[in-house]
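I have placed the structure first, in the form of structure tokens, so that the comments after it can refer back to it.
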Ligand code: HEM
């Protein structure tokens, strides 16, 4: 049976149609290169280094490795805080980033990750050698898993939604890559 005319209108997504939706260009950037993307490499790499140093201490018993882990965990944590500050500024200042739920999901994942990175460093401050087994190693494992999830999700923000990228779209905002591919929301 044909639908009455008033039910035949297409469903509309009010968020997608919001005028801020396509304003996704990074504001915390050097010559168009987002600072957050540059800084996140440090916590990602140093977190994996901490896990590696813990595993090498467990395997070889060399006291050099707990010192490496202490420094890698500490510098990784503080660089993570810097990266988080740049990311939070983007989140609050860029309308097309702020309006998307996915950005807030990334924020929550990242804040949980930063607390685990801080815990992993704090555990080692008193006695870096005794802290490694088992709790330091377990914290490094957890932090590495969470770094993978947060980093993967950050990549989705950039490559699927086009967040933090340069304006090119029809209304001077980047069209999300998922839209260009014709994906359904
Ligand atoms: C604490 C708050 C954080 C916020 C609000 C945040 C926000 C964002 C935003 C808005 C983007 C899109 C690109 C841009 O505009 O720069 C992004 C990308 C990304 N984020 Fe975060 N982020 C945070 C922390 C972190 C942390 C701790 C990591 C470490 C794993 C991380 C990993 C990434 C990665 C890998 C990308 C993709 C970068 C690229 O490929 O260009 N973020 N984040």
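The values are calculated or read from the model by the stated rules, or taken from the named source; none is laboratory data. Note that the structure is a prediction, hence the values are computed from the model and not measured. Note: ideal-geometry Cβ built from the backbone for every residue, glycine included; neighbour counts use all protein chains shown.
What do you reckon, is residue 164 in contact with a strand residue (DSSP E or B) (Cβ under 6 Å, 6 or more places away or on another chain), modelled with pLDDT of 50 or more and either more than 16 Å from the ligand (Cβ to nearest atom) or closer than 22 Å to residue 109 by Cα (or both)?
Taking the combined requirement at face value, the residue satisfies it.
Please go through the range 59-103 and give me each residue that is without any contact (Cβ under 8 Å) to a residue 60 or more places away in the chain, over 17 Å from the mean Cα position of the chain (by Cα) and closer than 30 Å to residue 20 by Cα, ordered by number.
Hits for the range 59-103: nothing passes.
Can you report the number of residues in the range 122-148 which are in contact with a helix residue (DSSP H, G or I) (Cβ under 7 Å, 6 or more places away or on another chain) and within 14 Å of the ligand (Cβ to nearest atom)?
Here the count works out to 5.
Hey, any hits in the range 42-58 for a residue that's surrounded by 16 or more Cβ atoms within 10 Å (Cβ to Cβ), free of Cβ contacts under 8 Å to residues at least 60 places away in the same chain, closer than 15 Å to residue 137 by Cα and under 17 Å from the mean Cα position of the chain (by Cα)?
Checked the range 42-58: at least one residue is surrounded by 16 or more Cβ atoms within 10 Å (Cβ to Cβ), free of Cβ contacts under 8 Å to residues at least 60 places away in the same chain, closer than 15 Å to residue 137 by Cα and under 17 Å from the mean Cα position of the chain (by Cα).
Which condition number does residue 19 fail, the rest of (1) within 16 Å of the ligand (Cβ to nearest atom); (2) over 30 Å from residue 122 (Cβ atoms) being met?
Failing condition for residue 19: (1).
Which helices (runs of 4 or more DSSP H) does the range 19-115 wholly contain that include 3 or more residues that are farther than 16 Å from residue 154 by Cβ and touching a helix residue (DSSP H, G or I) at 6+ places or on another chain (Cβ under 8 Å)?
Correct list: 41-60, 64-93.
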